[in-house]
Amino acid sequence: MSTATVPAARQPTMSPVSKFGQTHSLRRLPVQERSAARVRRMLDAAADLIEEVGYDRLSTTAIAQRADVAIGSVYQFFGDKRSLAEALSQRYIDLYFERLTARFDAEPPADWRAGVEAAIAEYVHMYRTAPGFRVLHLADAIDPGRADAVTTGGDVIADQILAGLAQRFGIGGDDELGKTVTVAVETGQALVRLAFRRDPEGCAASIAEANGVVCDYLARRLP
């Protein structure tokens with residue numbers, strides 16, 4: 001498959017705000033390009049530092065120093081390091097679906113099973129190439145402003161996969177299918193994490209097992 005249309009993992013010009021309608025983690029949106037560039041640098045710095053030292057040792061001071069911005073600029077847009085990590089998770093979700101959409105457009109999957117394999121392959125690619133991705137897991141809450149529920153990266157991915165099933169394969173969703181897809185996404189994420197614990201580059205046998213487990217589970221509900 002040609003990957004010429006698939007964006008690279010590091011895309012500094014990407015908007016820090018989610019394109020998929022999620023509540024963003026910024027205190028305020030950057031209006032001018034200069035401000036947007038500072039936010040992108042802060043997110044890039046956070047990604048690199050999470051990769052290097054882990055989330056627990058991450059600090060807003062270190063982010064400001066790495067991004068070459070004043071500490072006040074960090075707090076101008078982010079309340080704390082958690083909100084910065086949430087914004088980074090949103091950015092990576094956007095990038096994940098940009099890559100997956102480009103892949104589907106370049107080579108449409110024959111059926112939903114092929115679509116699942118492509119989705120897992122792109123998730124594995126993010127693990128290998130996106131700084132901090134394997135530490136974030138996209139599993140923490142990314143919409144802390146909502147009082148009625150806690151939304152995780154897995155929830156956002158599941159919602160988009162449901163939309164993709166309807167759009168590309170004509171498979172309509174209901175509440176039960178939504179629950180099934182959410183379980184499949186969380187299971188796939190956990191198995192990919194296991195693959196990278198077994199091998200820093202991703203254990204091939206474990207990734208193959210992730211494909212099989214997720215497809216077998218979804219087959220209970222999908223034609």
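Ignoring any ligand, DNA or RNA, what whole percent of the accessible area of segment 161-223 comes from carbon and sulfur when the probe is 1.4 angstrom? Spell out each step's value before the answer.
Details: 1810 of 3440 Å².
Of all accessible area on segment 161-223, carbon and sulfur atoms account for 53 percent.
How many nm is it between the label spots at Ala205 and Glu33, if each spot is 7 Å from the Cα in line with the beta carbon?
For the pair Ala205/Glu33, the computed spacing is 5.3 nm.
Could you check the spin-label model distance between Glu52 and Gln167? Points 7 Å from the Cα along Cα→Cβ, value in nm.
3.7
With a 1.4 Å probe and every protein chain kept in, tell me what percent of the accessible surface of segment 62-108 is carbon plus sulfur.
Heavy-atom surface of segment 62-108 belonging to carbon and sulfur, 1.4 Å probe: 48 percent.
Between Arg113 and Ala70, what is the spin-label point distance in nm, taking each point 7 Å from the Cα along the Cα→C-beta axis?
Each label point is offset 7 Å from its Cα along the Cβ direction, giving 6.0 nm.
Provide Rg and Dmax in Å for segment 166-209, with only Cα atoms included in the calculation.
14.0, 38
May I ask you to evaluate 6.51 cos²θ - 1.76 cosθ + 1.60, the Karplus curve with θ = phi - 60°, for each residue of segment 124-129 and list the ³J(HN,Hα) values in order in whole Hz, giving x for glycine and proline?
Along segment 124-129, the couplings run 4, 4, 4, 4, 6, 10 Hz.
The values are calculated or read from the model by the stated rules, or taken from the named source; none is laboratory data. Predicted, not measured: the structure shown is a model, and the values here were computed from it. Methodologically, a virtual Cβ is constructed for each residue, glycine included, from the backbone with ideal geometry; neighbour enumeration extends over all protein chains shown. Only protein heavy atoms, including side chains, enter the accessible area calculation; ligands, DNA and RNA are left aside. Shrake-Rupley method; radii C 1.70, N 1.55, O 1.52, S 1.80 Å.
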